[in-house]
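As C-alpha cells, the structure follows; a few thoughts come after it.
The values are calculated or read from the model by the stated rules, or taken from the named source; none is laboratory data. Please read all numbers here as calculations on a predicted model, not as lab measurements. With ideal geometry, Cβ positions are generated from the backbone for all residues, glycine too; neighbour counts draw on all protein chains shown.
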Amino acid sequence: MDRRDALMKMFSAKGVKVNTNRGEAYYSKLKETMQKRLNELRNAPAASKVDINKVLEAEGLTRRDFMKWASAACAAMMLPASFTPLMAEAAELMNRVPVIWIELQDCAGNSEAILRSDAPTIDELILETISLEFNETLMAAAGHQAEEHLDEAMKTFAGKYLCVVEGSIPLHMDGQYGTIGAKGETFEEHLLRVAGSSAAVVAVGTCATFGGVPAAAPNPTGAVGVQDIVKGKPIINIPACPANPANITGTILHFVLTGQVPELDHLNRPKFAFGYRIHDNCERRAHFDAGEFVEAWGDEGAENNWCLYKMGCKGPMTFNNCSVVRYNSGTNWPIGAGHGCIGCSEPQFWDKYAQERPMADTHFKAPTGGVEKTVDEFGLGLLTVAGIGIGIHAAISAAAGKKEEV
Ligand code: SF4
Ligand code: SF4
C-alpha cells in the first residue's frame, strides 16, 4: 500500500472525506488562491539555482514517482487528488522561498535526520532544493564570513524568508549558557533578531517547540521553546525527536502554495500532521482492544507484536502522524520496531512520557479529558486489577463461545 492509499484508508476510518468534507466552493476558492500565488512565485527570481527535476533525475527517480509523491502529499495535507498538479508545481518552486535555518541549544538531530538518509525520500530531496540562505551545519563559511552572510540574507529577503529554528533557548544566567558569533550574542538575542525580519517562524523538533530534553527537570539552563519568547510573528511548531522531514516539507509547501501558515492546533502544530493520535492509527490497536499486551521484553506478546501499553507506550496521549508517514524512507517507526511511543511530539515529553511504564502508573495525569482520560483509567485498571484487559478479552471470547453453543 503506498502512502496516499494508507492516508486515505486512515481518513476514511476516521470518517474524514478528503474530497468533499469542505465543499466544492471551498476547494475552488483555495485552488484559485494557490494558482495566483504560484503565478507570482513563477515570475519571481529563483533564490536558488537548484532544480528539483535535476535532483530527482540524479537520484534515478522518474516523473511518475514525483507525481505519486505529489498525490500522497495532497492526501497528507487533506487536499483532494485534483490538487496534485499544483502540489508538484509548488515543489518545483520551492527554490523561490528563502529559508534561514538557525541552530540553538540542540544536537542537530533534525538536520541529521534529513541529511543522513542513504536513500532519501522525495520529501528529503525537496528540502534540498529550498533556498537555504543560511545554515551553520551545512555552509562552508564560518566566523565573520558567516555572520556577514546572515546579515546580507536578512537584508535581501527581509519580510519574505522563513526562519527555521532548531534547538531550545537557554535563559538562565542572562542567556550565557548559549552564545553565538564574535559579539557573543545570546541565543535569545540571535533568535529575536533573525525571527524579527522573517515572514514566519518554523520551530523544528521538540527542543525548539517545547524546550525538549534540555528543558527536562531540573532544566539547569532554563531552556524554553521558540513560542515562549518570539511574539508578534506567525509560529508553526513541528515537534518530534527528530521532526519528520515529511512534516517539515508539508509545512513549507503549504507556505509556498498559499503564502500562509497551515491550520494549527492549540499547540501551534499543523493539524494535517498532528491532528490525530498515534493510538488511533497504530497497527497494534486491535491487540489493545482485545486486551493482548506485551508484559515483559522478549515475551510471547513481544514476539507477536501485541500492544505495548503496559510497557509504557504513550500512543494514547500523543498526537503525530508517524504511524502513517513513518521514518527512514517510510521503512518503519518506533512501535513497528517494537518499542512504545515516548510521546516525543508533546510538551514536557521527557519528564512525563519517556518512561517504560504506563501513564496510569506515574504521578502525571493524561493531559486532557475525553478519550485520553478513558484510556488512562483503563490503563490504571490494567495495573490494579490483574489481567483486566485479558479478562475483557476472555469475557468477550466466552460470550462469543456461548453464542456459538446456543
Ligand atoms: S497503546 Fe501504543 S502500542 Fe498499544 S495500540 Fe496504542 S499506540 Fe499502539
Ligand atoms: S512513535 Fe511517539 S516517540 Fe516515536 S517518533 Fe512518533 S511521536 Fe515520537
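Odds and ends about this structure:
- Across region 307-365, the qualifying residues are those that are among the aromatic types (Phe, Trp, Tyr) and closer than 16 Å to Ala240 by Cα, and the one among them that is farthest from ligand 2 (Cβ to nearest atom) is Trp350.
- In region 320-344, the residues that are of a type in the set (Phe, Trp, Tyr) form Cβ pairs under 8 Å with partners that are assigned to a loop (DSSP other than H, G, I, E, B), at six or more places apart or across chains, as follows: Tyr327/Asn244; Tyr327/Trp333; Trp333/Arg326.
- Thr251 meets each of the listed conditions (1) out of contact with any Asp or Glu (no Cβ under 8 Å at 6 or more places or on another chain); (2) on the phi < 0 side of the Ramachandran plot; (3) not in a helix (DSSP H, G or I) apart from (3).
- Those residues of region 272-294 which are within 14 Å of ligand 2 (Cβ to nearest atom), in a helix (DSSP H, G or I) and under 17 Å from the mean Cα position of the chain (by Cα), in sequence order: Ala273, Phe274, Ile278, His279, Asp280, Asn281
- Index of the failed condition, Lys314 passing every other in (1) crowded, with 22+ Cβ neighbours inside 10 Å; (2) away from ligand 1 (no atom under 13 Å from the Cβ); (3) among the basic types (Lys, Arg): (2)
- Filter result for Trp306 (at pLDDT 95 or above and of a type in the set (Phe, Trp, Tyr)): yes
- In the condition set (1) in contact with a Ser or Thr (Cβ under 9 Å, 6 or more places away or on another chain); (2) at negative phi, Gly212 is compliant with all but (2).
- Some residue of region 269-278 being closer than 21 Å to Ala208 by Cα, in contact (Cβ under 8 Å) with a residue 60 or more places away in the chain and touching a helix residue (DSSP H, G or I) at 6+ places or on another chain (Cβ under 7 Å): yes
- Taking region 214-224 as the range and being closer than 15 Å to Tyr177 by Cβ and either modelled with pLDDT under 95 or not in a helix (DSSP H, G or I) (or both) as the test, the residues that pass are Ala216, Pro218, Asn219, Pro220, Thr221, Gly222, Ala223, Val224.
- Residue that is nearest to ligand 1 (Cβ to nearest atom) [pool: residues in region 262-297 that are of a type in the set (A, V, I, L, M, F, W, C) and surrounded by fewer than 19 Cβ atoms within 10 Å (Cβ to Cβ)]: Ala286
- If the condition is being within 13 Å of ligand 2 (Cβ to nearest atom) and in a helix (DSSP H, G or I), then region 233-248 contributes Pro245, Ala246, Asn247.
- Test: residue in region 23-44 that is in the same structural domain as Gly259 (by TED's automatic domain parsing) and closer than 12 Å to Ile122 by Cα: no
- Here Ala302 clears all of (1) in contact with a Gly (Cβ under 7 Å, 6 or more places away or on another chain); (2) away from ligand 2 (no atom under 13 Å from the Cβ); (3) among the aliphatic types (A, V, I, L, M); (4) touching a residue at least 40 places away in the same chain (Cβ under 8 Å) except the condition numbered (4).
- Candidates in region 249-268 are the residues that are more than 16 Å from Trp69 (Cβ to Cβ), in contact with a helix residue (DSSP H, G or I) (Cβ under 8 Å, 6 or more places away or on another chain) and among the hydrophobic types (A, V, I, L, M, F, W, C); of these, the one that is nearest to ligand 2 (Cβ to nearest atom) is Leu267.
- Qualifying positions in region 186-200 - in contact (Cβ under 8 Å) with a residue 40 or more places away in the chain and not in a loop (DSSP other than H, G, I, E, B): Phe187, Glu188, His190, Leu191, Val194, Ala200
- For the condition closer than 26 Å to Ala216 by Cβ and either crowded, with 16+ Cβ neighbours inside 10 Å or aliphatic (A, V, I, L, M) (or both), Cys344 qualifies.
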